[in-house]
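Peer 1: One structure, pasted below without further comment.
The values are calculated or read from the model by the stated rules, or taken from the named source; none is laboratory data. Worth saying up front: this structure is predicted, and the values here are computed from it rather than measured. Positions of Cβ are backbone-derived with ideal geometry, glycine not excepted, and every protein chain shown enters the neighbour counts. Remember, those area values only see protein heavy atoms, side chains included, never the ligands or the DNA or RNA. Shrake-Rupley method; radii C 1.70, N 1.55, O 1.52, S 1.80 Å.
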Amino acid sequence: MDTSLDRRRFHLLSLGAAGATLGATLPAWAQGNASRPLVLGMTLEPPGLDPTAGAAAAIGEIVLYNVLEPLTKVAQDGSATPLLALRWNVSADQKTWTFALRPNVRFHNGEAFDAKAVKFSFERAAAAGSLNKDRRIFENIAAVATPDPLTVVLTLKHPEPDLPAMLAQSTAVIVEPKSAATNAQTPVGTGPYRVAQWQRGASLTVVAWPGYRDAASIRIPRVQFRFIGEPAAQVAALLAGDVDLFPRVAAARALSQFKAQSKRFQVISASSRAKTILAINHQRAPLGDVRVRRAIAMAIDRKALIQASADGYGVPIGSFVTPDTPGYVDCTAINAYNPAAAKALLTEAKATGLSLSLKLPPVPYARQGGELIAAQLAAIGINARIEQIEWAQWLSSVYGSKAFDLTVISHVEPHDFGNFARADYYWGYRNPTFNALYERMQNAADPAQRLKLFGEAQQLVANDAVAAFLYQPQWITVARAGLQGLWTRTPLFANDLSALSWN
């Protein structure tokens, strides 16, 4: 018997009672038929709620734009739009950025948002010992000037034309200095929602904040995020009406059920900037040998893997860049599927009979695709020992302690190519040639030259087989009919609750 589904039903019943209690505590302006609560499904539960100190994308899925706000907000096309910054301008050399801040903004604890809070947040993100996964973005800031409370001037070490879009990510949220240390449990931001309850292992509830600068514009008074990992349970929760919205749901095999009920459901298939890869630990012998890594990459049939891992909803990639990224170069011909050539490379490298660990986090795409990857590696003589681990274990042992040989993971951040220049990053890639090329790219102020160097860097990463680059996911969203404001593209992992409303 599958007791996990019974436990899930118990959680849902318990949460219904908790939700009723929370509804009773809502202010009068947020009650009534005009605005109704929302239940949003998520595959993974975040380990904490501070995106500046944790690598899990699930953190941003809850807090970004909702509880904690950055200077800018990403649009569906990936461009930056105003948020806590009303406008900005940049010098000709793209090294000096001036941001005009939104006036009369306060944090949830009543403290004023101003230039000092921005300076604190960015310097904290760049400081020695910072756990911010995008620390390199903030280390590029040579100085943060605050000429007045509503002006911030960033002086960069290297030009960065994408800075406004980078500052729209969850790692760039502005934190209130006095509360920064406790944001992982009780985040204090400037956003339209506050965290009301976190029932570990089941759900997290946010409620609209009456002190928000534009409180009247918020149409959803309460949102409950429910954590449902199993694909079958995700589908069941939607069909039963227990969940109103499930972005990035693992429901490809059940889409016909939802499409056949168009009066009840809407289905959106969205492109993404995510890259699903088979990450390889370069610091474990013989994986430091490029021939071995190329053999691993050439053993994998990407098209078959997309079918097994993502039920066909994906586009093959050959480097760490998606086809809709400016400057994309098609590298899928590099290390293309060729088991015979893969075997020859292993023989040349004297690396036959390998036995490697393959650690799979609990997301469906990794568990579903991992079995096929292991079978394809076995076909070239590599024994991939599958270890299914929980998300907290993946973050601590794989990402944190680098205790792995191989792992399947989707990198969902749109501006993370610079991680190949980080010697301490979890995959352990260290190549002075790449670092020099990336440095030249970073110092190129001319857009055409920058894109040219970016293309060269993509090809170098592919030729080095830094990872086995698999596919760009096409995310599926299933929502109750009548819910408006949903994204039709996925530039990053976020659920902008302020854009949602019921018809």
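Peer 1: Quote the accessible area belonging to Lys73 in square angstrom, nearest 10, computed with a 1.4 Å probe and with ligands, DNA and RNA left uncounted.
Peer 2: 40
Peer 1: Just the number please: accessible area per residue for the range 426-503, 1.4 Å probe, all protein chains included, in Å².
Peer 2: With all protein chains present, the range 426-503 gives 37 Å² per residue.
Peer 1: Work out how much length Lys263 to Asn104 would gain on full extension: take 0.36 nm times their residue separation and subtract the Cα-Cα distance, in nm to one decimal.
Peer 2: 53.0 nm
Peer 1: Something else now. Report the gain in length on full extension from Ala340 to Ser501: 0.36 nm times residue separation, minus Cα-Cα distance, nm rounded to one decimal.
Peer 2: Answer, rounded to one decimal: 52.5 nm.
Peer 1: Is the range 296-367 best put as rounded, prolate or oblate by its Cα gyration tensor, with a ≥ b ≥ c the root eigenvalues, rounded for a/c under 1.5, and otherwise prolate when a/b is larger than b/c, oblate when not?
Peer 2: Oblate.
Peer 1: Would you mind working out the accessible area per residue for the range 250-325, using a 1.4 Å probe, and quoting it in Å²?
Peer 2: Computed with neighbouring chains in place, this is 38 Å² per residue.
Peer 1: Also, quick follow-up: Relative contact order for the chain: what is it in percent, counting Cα pairs under 8 Å that are at least 6 residues apart?
Peer 2: Relative contact order, the chain: 21 percent.
Peer 1: Based on DSSP H assignment, which helices of the chain show an axial Cα extent of at least 18 Å together with a mean Kyte-Doolittle hydropathy greater than or equal to -1.0?
Peer 2: Those that clear 18 Å and a mean of -1.0 are 3-24, 364-378, 447-463.
Peer 1: Among the listed pairs Lys133/Lys402; Lys275/Lys359; Lys157/Lys178, which are separated by more than 21 Å between their Cα atoms? If you can, show how the numbers build up before the last one.
Peer 2: Numbers: Lys133/Lys402 15 Å; Lys275/Lys359 18 Å; Lys157/Lys178 29 Å.
Violating the 21 Å Cα-Cα cut-off are Lys157/Lys178.
Peer 1: Let me check I've understood the local charge: for Gln484, count other residues with C-beta under 15 angstrom from its C-beta, Lys and Arg +1, Asp and Glu -1. What total comes out?
Peer 2: Net charge in that neighbourhood comes out at +1.
Peer 1: Let me ask you something else. Quick one: net charge of Ser35's neighbours, Cβ under 12 Å, K/R +1, D/E -1?
Peer 2: +3
Peer 1: A follow-up question, please. Just reorder Lys275, Lys116 by solvent-accessible area, largest first, 1.4 Å probe, all chains present.
Peer 2: Lys116, Lys275
Peer 1: Explain nothing, just the number: relative contact order of the range 196-255, from Cα pairs under 8 Å at least 6 residues apart, as a whole percent.
Peer 2: 25
Peer 1: Going by the alpha-carbon gyration tensor, a ≥ b ≥ c the square roots of its eigenvalues, is the range 354-503 rounded (a/c under 1.5) or, if a/c is not under 1.5, prolate (a/b greater than b/c) versus oblate?
Peer 2: Oblate is the answer for the range 354-503, as a/c is 1.5 or above yet b/c matches or exceeds a/b.
Peer 1: OK, next. For Asp446 and His158 in one chain, what is 0.36 nm times their gap in residues minus the Cα-Cα distance, to one decimal in nm?
Peer 2: Details: separation 288, 0.36 × 288 = 103.68 nm, distance 1.24 nm.
Separation in residues times 0.36 nm, less the Cα-Cα distance, equals 102.4 nm.
Peer 1: Between rounded, prolate and oblate, where does the range 213-283 land on the alpha carbon gyration tensor, with a ≥ b ≥ c its root eigenvalues, rounded for a/c under 1.5, else prolate if a/b exceeds b/c?
Peer 2: oblate
Peer 1: Give, as a single signed number, the net charge of other residues whose beta carbon lies under 12 Å from the beta carbon of Gly418, with Lys and Arg counted +1 and Asp and Glu -1.
Peer 2: Here the count lands on -3.
Peer 1: How many nm is it between the label spots at Arg385 and Gln199, if each spot is 7 Å from the Cα in line with the beta carbon?
Peer 2: Each label point is offset 7 Å from its Cα along the Cβ direction, giving 4.0 nm.
Peer 1: Hey, another quick one. Using a 7 Å offset from the Cα along the Cα-to-Cβ direction at both Glu456 and Ala181, what is the distance between the two label points in nm, to one decimal?
Peer 2: For the pair Glu456/Ala181, the computed spacing is 4.8 nm.
Peer 1: Considering only protein heavy atoms and a probe of 1.4 Å, how much of the accessible area of the chain is carbon and sulfur, as a whole percent?
Peer 2: 53
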